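The block underneath contains the structure these notes are about, expressed in structure tokens.
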Amino acid sequence: MSDQNLEAKLKQMLKQEKIQLWNPPFSEDSSEPGHQHMKELAERFSPLLCLQVEEVGGALEGIRQQAVNRGKGNKTFRETKVATLELLLPRDTRKDDKTKSLLETRLDVLVQEVVDRIGEEYGLKYIKLILNGKTLSVDQSLDQQGVKNHSKMMVLKVSDAEWKLQLSEEEEKKKNQKESLQRTQKGFQILSERDGSEDSSPFLEIADQRGNPLKIPPQEKKALILAMGFHEKGRSLMKKKQFDNALCHLLQADQQFSRCGSALLASVDNFAVLQLDVVWCYRALEALSCLDDGRSRLQIAEDCFLRCYGERQQRLLMIKGNTGREEVLFLRLHLLQSLLSYIEGNDAQARHQLSKVEALYSRLCLDSEKMDQLMSLGFTEREARLGLRACEGDLQEAAVHISNQRQEREELKQRERKRRSRRSEVISTLTELGFSRTDAARALHHADGDVDQAYGILLDSSGSAQATNNNNTEGCVEQLLYLGFQRDVSEAALRLTGGDVQSATQLLLDNQGVLSPELMAESPSSEEPSTSSSNSTEDSELVNEVLEDISRHEEDYLDLTLEEESELITTMKTYLSRGHTHTV
């Protein structure tokens with residue numbers, strides 16, 4: 001980081017004095033340095049930076065070489081259309097931090113070709129390419145996805161486990177870490193379509209900060225659940241220090257959040273926390289210098305926190321009664337802002353942000369004796385940590401606060417159990433009138449719990465279905481064909497959705513117009529009843545798999561031990577202690 005800091009400061013000084021190192025007298029015709037002029041420049045700058053002449057001279061020469069190479073690259077690109085790209089390789093693959101890894105390529109080639117070249121040259125088996133926080137698709141060209149001459153791309157290594165599928169050897173070569181992403185997406189899609197009508201069937205409810213269910217349009221709810229699902233999976237991988245794989249899932253979460261309405265994103269802090277987690281992964285992967293969107297993500301996070309919590313967190317105080325637990329998010333936000341400011345050469349701003357961090361850290365770093373005392377009372381480590389932070393370290397208040405929270409949580413569970421029990425009773429009543437349990441649950445969901453309205457919906461749907469069933473099937477298929485889907489998958493989608501065109505369309509869109517062999521084979525009227533049972537078992541396994549990554553505690557994302565943060569604070573203080581007497 002110190003090298004990046006020095007380079008940023010020197011570039012700023014060169015810009016202020018309008019010095020162009022790639023031109024004479026600093027560079028000769030043969031691109032060799034003008035030694036005397038470079039030495040004089042180093043001698044003039046070194047006292048301003050409180051650094052040795054040799055260190056400043058080496059950094060200046062590095063900047064000069066970059067500028068010369070960039071000029072050559074521009075000329076090559078103009079003449080041959082061959083671009084020069086800078087690669088940020090995984091840490092264990094880099095030769096050293098000072099030497100830049102460059103790749104020359106045309107921009108109209110497929111990303112897969114570039115991936116193969118990088119993999120062969122650096123001995124990397126499974127990789128992804130990231131440009132400005134977005135994963136590049138291997139089946140599209142570089143220029144189609146915004147890659148330009150001199151673009152900086154992050155090379156993300158993916159573990160073998162994410163790539164290997166239990167399929168044939170021919171197919172296995174084509175597989176990548178998408179299996180994990182696809183399984184996560186499918187699992188949360190199943191959950192997003194459940195409404196809690198079956199007591200034995202797990203489902204997800206989106207609630208406000210008090211735990212009360214929120215009413216959200218179905219499509220937004222589905223996107224939000226998928227986004228939150230990918231986020232939870234990513235956070236689970238972050239805890240295991242698997243930052244490469246975590247980043248893949250976090251970027252998928254970011255993509256799903258973009259499908260939610262801005263009003264919804266403004267009312268929940270999940271999106272802001274995701275931005276922090278993405279930049280925290282960049283930090284862990286030492287990729288901050290490569291990606292320009294770190295700063296913008298932190299700004300998005302800060303703006304979102306202001307909207308959700310209020311200018312002085314007064315809205316959060318009104319909802320929760322305290323703000324101590326959320327302060328860990330601001331600690332991480334200001335710490336990352338300090339790190340970025342330092343990398344950009346702005347030491348003054350970095351120190352300003354770090355002072356905020358240290359003030360927060362002193363309040364949030366807990367007394368181990370108080371933690372032990374609370375845990376001896378039967379509270380968990382998480383409860384003790386969150387309780388003490390909520391009550392600013394007051395032991396007695398924390399004990400009362402945790403007990404109250406437990407009681408509130410139990411009351412919320414009781415209300416939820418009663419609600420589900422009542423719902424189940426109503427569905428049973430409708431079932432006794434001759435309707436299927438699935439239809440009854442769906443009607444009650446659309447009727448927002450009103451029994452009479454649900455009964456009316458069921459009567460209308462059964463009457464219209466009887467009248468139009470025979471004539472409508474082919475018409476529905478034709479509609480799907482008109483939208484560009486194949487006949488076999490259109491017919492299968494209609495079978496799976498009971499002939500509902502809108503649901504069938506959504507199913508095909510969700511699966512990019514391709515249904516798995518299992519879904520294609522599934523049919524409610526099939527002579528093979530085991531298919532439905534098999535799919536049900538597979539769905540249950542998928543749901544259980546993704547639920548493992550969801551914390552049972554709604555404030556798990558606030559439960560930071562601050563160990564990683566403490567290490568970074570120490571590192572930042574060490575770097576900023578250099579040249580502390582002078583601000584550039």
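Here are the numbers for this structure:
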read-out	value
Verdict on Arg94 being of a type outside the set (A, V, I, L, M, F, W, C), over 30 Å from Lys157 (Cβ atoms) and out of contact with any helix residue (DSSP H, G or I) (no Cβ under 7 Å at 6 or more places or on another chain)	no
Per-region count, segment 374-395, residues of a type outside the set (A, V, I, L, M), touching a residue at least 12 places away in the same chain (Cβ under 8 Å) and under 21 Å from Leu329 (Cα atoms)	8
Close pairs from segment 558-578: first on the phi < 0 side of the Ramachandran plot, partner among the polar types (S, T, N, Q) and in a helix (DSSP H, G or I), Cβ under 8 Å, at least 6 apart	Met572/Ser338; Tyr575/Ser2; Tyr575/Asn5; Arg578/Ser2
Every pair of residues 6+ apart whose Cβ atoms lie under 6 Å, when the first sits in segment 123-135 and is within 9 Å of Met154 (Cα to Cα) and touching a residue at least 60 places away in the same chain (Cβ under 8 Å) while the second is among the hydroxyl-bearing types (Ser, Thr, Tyr) and assigned to a strand (DSSP E or B)	Lys128/Thr135
Number of positions in segment 255-283 that are of a type in the set (A, V, I, L, M), modelled with pLDDT under 90 and touching a helix residue (DSSP H, G or I) at 6+ places or on another chain (Cβ under 8 Å)	4
Count of segment 117-137 residues which are closer than 29 Å to Leu298 by Cα and among the small types (Gly, Ala, Ser)	2
Residue within segment 21-40 that is assigned to a helix (DSSP H, G or I), over 42 Å from the mean Cα position of the chain (by Cα) and closer than 23 Å to Ala348 by Cα present	no
Selection within segment 420-436 - free of Cβ contacts under 8 Å to residues at least 40 places away in the same chain and either of a type in the set (Lys, Arg) or touching a Ser or Thr at 6+ places or on another chain (Cβ under 8 Å) (or both)	Arg422, Phe435
Strands (runs of 3 or more DSSP E) lying entirely in segment 47-155 (those with 2 or more residues that are at pLDDT 90 or above, of a type outside the set (A, V, I, L, M, F, W, C) and under 28 Å from Asp244 (Cβ atoms))	101-106
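The values are calculated or read from the model by the stated rules, or taken from the named source; none is laboratory data. Predicted model only: the values in this text are computed from it and were never measured. Here Cβ is always computed from backbone atoms with ideal geometry, including for glycine, and neighbour counts include all displayed protein chains.
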